[in-house]
1. Filtering the range A:1-21 down to residues that are at negative phi and polar (S, T, N, Q), which residue is farthest from the other protein chains (Cβ to nearest Cβ)?
2. Given the conditions (1) part of a helix (DSSP H, G or I); (2) surrounded by fewer than 24 Cβ atoms within 10 Å (Cβ to Cβ), report the number of the one that A:Gly67 does not fulfil.
3. Filter the range A:113-152 down to the residues that are among the charged types (D, E, K, R) and more than 29 Å from A:Ala40 (Cβ to Cβ), then identify the one that is farthest from the other protein chains (Cβ to nearest Cβ).
4. From the list B:Ala177, B:Ala205, B:Ala256, B:Ala151, pick out the single residue that is in contact with a Phe, Trp or Tyr (Cβ under 9 Å, 6 or more places away or on another chain), within 14 Å of chain A (Cβ to nearest Cβ) and touching a residue at least 12 places away in the same chain (Cβ under 8 Å).
5. Restricting the search to the range A:89-108, which residues are facing chain B (nearest Cβ under 7 Å), closer than 14 Å to A:Met126 by Cα and not hydrophobic (A, V, I, L, M, F, W, C)?
6. Pull up the range B:679-720, narrow it to residues that are within 14 Å of chain A (Cβ to nearest Cβ) and not in a loop (DSSP other than H, G, I, E, B), then point me to the one that is surrounded by the fewest Cβ atoms within 10 Å (Cβ to Cβ).
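The values are calculated or read from the model by the stated rules, or taken from the named source; none is laboratory data. A quick note: this is a predicted structure, and the numbers were derived from the prediction, not measured. Here the Cβ positions follow ideal geometry from the backbone for every residue, glycine too, while neighbour counts run over all protein chains shown.
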Amino acid sequence: MLRIKVNGRDYSFNGDPNMPLLWYLRDELRLTGTKFGCGAALCGACTVHQDGRPIRSCVASMARVAGSEIVTIEGLANGELHPVQRAWIAENVPQCGYCQAGQIMQAVALLRAHPRPSDAQIEEAMSGNICRCGTYQRIRAAIKAAAQGGAQ
Amino acid sequence: MSAAPVTRRRFLEGVFSAGAFVLCAGALPRGAWAELVNPALPLADTAFHPSVWLGIEPDGTVLIVAARSEMGTGIRTALPRVVADELEADWQRVRIVQAIGDEKYGSQDTDGSHSIRSFFEVMRWAGGTARTMLTQAAAARWGVPVEQCEARLHAVHRRASTAAGGDPALGYGELAAAAARLPLPPRESVRLKPRSQWRYIGHDAPAYDLEAICTGQAGYGMDARVPDMLFAAVAHPPVLGGTVAGYDATAARAVAGVRQVVELPPFHFPAGMQPLGGVAVIADNTWAAFEGRRKLQIRWDDGPNAGYDSAAYRQQLEATARRPGKVARNNGDALAELAAGGQIVTADYYAPHLAHASMEPPVALVDVRADRAEAWVPTQDPQGAQAAIAAAIGLPKDKVICHVPLLGGAFGRKSMHDFAVEAALLSRAAARPVKVVWSREDDIKFDYYHSVAAMHFEAKLGGDGLPTAWLARTVFPPIGSTFNDATEYGGSGELGMGFTDLPFAIPNVRVENGPAHGHLRIGWLRSVANIYHAFGVESFADELAHRAGRDPLEYLLALLGPDRIVDPALLSVDYKPRPNAGNNPYPIDIARYRRVVELAAERAGWGKFKPGNGRGIGIAVHRSFLTYVASVVQVHLDENGLVRIDRVDTALDAGTVVNPINVRAQFEGAAVFGASLALYGEITAKNGAVEQANFDTYPVCRIQQAPAAVHVHIVASDAPPAGVGEPGVPPFAPALCNAVFAATGRRIRALPLVHAGLA
C-alpha cells in the first residue's frame, strides 16, 4: 500500500504502482483541475507540486510519488486566491483555459525559486508548458505582475 | 454535473428555481419573430422568444442562455453581454447557463467565426423585449403610462418629473412575475438602445469563467463525470479506411481494471463523421484503458489508402498546379496577356497538412439507456453530436440530450462527432456510461486535417511594375472529399477563402482549381483554406513588389487600388447568404483594406525600420470571415541562424466589437497560432499512416518561440460585427515569410520554415 498526501489530506493507494499520479488525481480523487494534455511530459498541462517542486504528473508513477506531499491547483488557494492566480485574473490570461492550471503551478514554482525572474528565467521555467491558444504574452505579464506584488 | 435525466423540454425550466418566472413561457408560433433573423441565416425555424434566451428569478438573478460552444473565443461571455446590455441588467447579477443541443436555438455549430454576427441582433432583441415587458409591468403596477418609466440597471425607475409620491424603483425580481404574464410586445414597440447608451457592448469584460479556470474548478469535457461510469481507449486503424483483420486481447484483458474489449463497427467510405473503427478497451479508469489498449495485439487490413505518401503526393499536387485547371474566376484575358510576353513572374507555393492539437484531446462521455441517451461532449456542434449519437444508437433525436461542457480548445476539430459516437457505441456495449478518452497520439494521428495545398502563380508586370495579368491555380484535397470520395475539386467556400476573392485592382485575372484526391480526413482548421491561400497570394504579392523594385507596403496599397466597393460578381465569389459568406451588410470595401494596412504599418514604424543585417519586416493583408486584417511582422536571425519574431502589429476592422479585450486576446493568440504553423506545422503520411504523434514530432510554439510582443490595433467601426476567432491567422504566415525575405533574401515558398533551417 502506498501513502500520499494531496492538498493536505492523507490517502492510501492500492492500485497499480505504475499508474501515473495524473490519473490517480483525476479518476480516483476526482481532482480534475490537473489536466491531461500529452501523457509524455511534453506539454505541462498536468503540472503539480511534489514537495514544493513542479513535476509532470502524467509521467510520475504512484510508486515514485509515494510518501510525498502533492499540491494541485485545487490546493493552491489558501482561503484566498494565490497571488499568481490573482495576477492571472488581472492580466486576463486564459482563453480556453485548459492548460492554465499547469501554467499557474509552474509559475508559482518559478516565483518561489526566483522571486524577481528575468525574461530568460521566465522562458526557461515556462518552456515546458504549451498553450495552444497562444496566451504566452499574458503569461509573461502575469508572472511579472505577480513578482512585483511579491508572490511567494 | 448531474446524472439526473433531463428531457429537452424540461431543460430550461430545470434551470430555474420553483418560484422563478421565465418570461412569457407560453407557446409561441414558430417563426413569429423570424423577421429578427438576419435573412442570410438558416434560422427561420427558430423561436425568437426572449424566454429561449433568458429568464429572471424572483431574487432578481438574471439567467442568460449561452447556446454557442466556449472553446476559448470568449463567446460564452460576449453574447450574454449583448443580452444584458439591452436588458439593462446588472452584469454582477447575471448567471450564464450553457444550453444543451436544441434546434430552438438555431444553429449552434460554433464555427466560421459567425457567432456574434449571426446572433448579435437576436440577442439585442431578446434583451430589449424583456426590458420592454418589465417596463410595462412596472407601469401597470404604478398605474402610469409606460413612457414615464425607464429601465436602468436591474430596476425600472419612474422618470424624475413624475416620481414624486411613487415608488422610486421596482427591481427586476419584483417585476418578473407580472412581466411574465404580459403578451409578447409587438416588435415595433420595442426600442433598442442607441449605440451611445451601450454599457457593455464595446466595453472590456473578463471572461465569465475566468476565476473558475484559474482555480481548477471549470468543467471541461475531459472532466465530465457521472456515477458508475467507465473509461475507454480505442486502438484506431493506423490508415484511414483500414479495418481489423484479427486481434488477440488476452494480455489486454489481464490488465487490472480492464473490464471489456469491444471491436467497433468497421469503417466505410466516405469518412463523414463516423468513427474510424478499431478495438476499444473499457476499464475502471483512464490509465487501465490506456494500458489495456497498449497490450492489444491487432492485425490490420490497411485498405485503399495504404499507399499514401506525402512526398510523392506533393509532387503530384505541384504537377497538377502547373497544368490548366477548372476556371473559378475569369476577368479580362489573363492568358492572352501573359502569352504576349513581357516581364513575367512565376512562382509555386506549397503548404502541408496541419493538425489542430487543441490542448484537450477529443473526449466524450455518453450514457446510453434503452430508450434515451445523455451525453457530455466538448463539441462545437451539440445538435450535430445529438443527431449523430441518435443515429448510431437508433434513437429518435429528441431522446438524446447533449450537454456542452467547456472545450479545452477546438479550432475546428470538435465540430466533428466521431469520438462522441465512439462513446455512445461503447456505452451501449458496456451498458454503463462510458467516457472515451483520446490520447495526444490519437488526436494527432486521427485528426480531420487541414488540407495540404500546392499553388502556382504567374503575373505580368506593366511599366509601373503593377500586374496587368494574374493567373493563380490552387490544388488541394477538398473538405468535400471527407464526405464524398469522388470530390476532387474545392468548393466555392474553400476557393472563396482568399483565392477567388482576390481584391487587387488587376485588369486580367484568372483563377483556377485543379483536382486532388483525398487520402486523409480533411476538415476545418482555424481559418481553413485562407491559411494556404493567404500564404501564396500575399507572398507572391511581396515577390512582385521586390521584382518591381518598390517598397512592399507602398506596392500592396497600389495593388489594392483606389477606395471602392468591389462587386462580388467580378470576383466570381459565390456569396450565398450563408454565415461563412457575406452579403449586402458586408460589401468588399477596399477603403477598409487600406485602413488596416496603413494602421498596422504606422504602428509598426514601417518607414523607420531598417532591414538588413539579419533583420527584416514584412506585411500582409487578408480579409476573411468578413474581417479585414493586416499583419506586420518584425524578425531577426539569432546566433544559430533561426528566425526570432520580435514584434507583431496586427490591425483589424471587424466592424462593431462586443468585447475589445477579448478581441485583442484572439488576435494575440492568432499570431501565435500562425507562428506555430509557419515555423513548425506539418503532418505527413507514409504508407498511409500519419508520421507525427505528439508534441515532440508535431511541435507548436512554446513561450520562447512565440512572437515576443503582439500589438493589436482595433479600427473603431460602427459596421455590422464580423468574425474574430479566425481572421487573425491567415495574414501571419505570409507577413512572417515576407519579413524573412527582407532579412535574408531567401524567399520561402514552402511551409514550414523548419525545413529551410530557419526554425
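1. A:Ser12
2. Looking at each condition in turn, A:Gly67 falls short on (1).
3. Going residue by residue through the range A:113-152, those that are among the charged types (D, E, K, R) are A:116, A:119, A:123-124, A:132, A:138, A:140, A:144.
Next, from what is left, pick out any that are more than 29 Å from A:Ala40 (Cβ to Cβ): A:116, A:144.
Details: A:Arg116: 18, A:Lys144: 13 Å.
Within the range A:113-152, the match that is farthest from the other protein chains (Cβ to nearest Cβ) is A:Arg116.
4. Values: B:Ala177 fails: within 14 Å of chain A (Cβ to nearest Cβ); B:Ala256 fails: in contact with a Phe, Trp or Tyr (Cβ under 9 Å, 6 or more places away or on another chain); B:Ala151 fails: within 14 Å of chain A (Cβ to nearest Cβ).
None of the other options fit; the residue is B:Ala205.
5. Residues of the range A:89-108 facing chain B (nearest Cβ under 7 Å): A:89, A:92, A:94-101, A:104.
From what's left, closer than 14 Å to A:Met126 by Cα: A:99-101, A:104.
Matches in the range A:89-108: A:Gln100 only.
6. Taking the range B:679-720 and keeping what is within 14 Å of chain A (Cβ to nearest Cβ), we get B:679-681, B:692-712.
Within this subset, residues satisfying the condition of being not in a loop (DSSP other than H, G, I, E, B) are B:679, B:710-712.
On the way: B:Leu679: 23, B:Val710: 27, B:His711: 19, B:Val712: 22.
It comes out as B:His711.
Residues checked against (1) surrounded by fewer than 21 Cβ atoms within 10 Å (Cβ to Cβ); (2) more than 21 Å from B:Leu335 (Cα to Cα); (3) hydrophobic (A, V, I, L, M, F, W, C):
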| position | (1), (2), (3) |
| --- | --- |
| B:Gly465 | yes, no, no |
| B:Trp470 | no, no, yes |
| B:Val475 | no, no, yes |
| B:Ile479 | no, yes, yes |
| B:Gly491 | yes, yes, no |
| B:Arg510 | no, no, no |
| B:His517 | yes, yes, no |
| B:Arg521 | no, yes, no |
| B:Val528 | no, yes, yes |
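Every residue, every condition in (1) within 14 Å of another protein chain (Cβ to nearest Cβ); (2) charged (D, E, K, R); (3) in contact with a strand residue (DSSP E or B) (Cβ under 6 Å, 6 or more places away or on another chain), yes or no:
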residue: B:Phe267; (1), (2), (3): no, no, no
residue: B:Gly272; (1), (2), (3): no, no, no
residue: B:Val281; (1), (2), (3): no, no, yes
residue: B:Arg299; (1), (2), (3): no, yes, yes
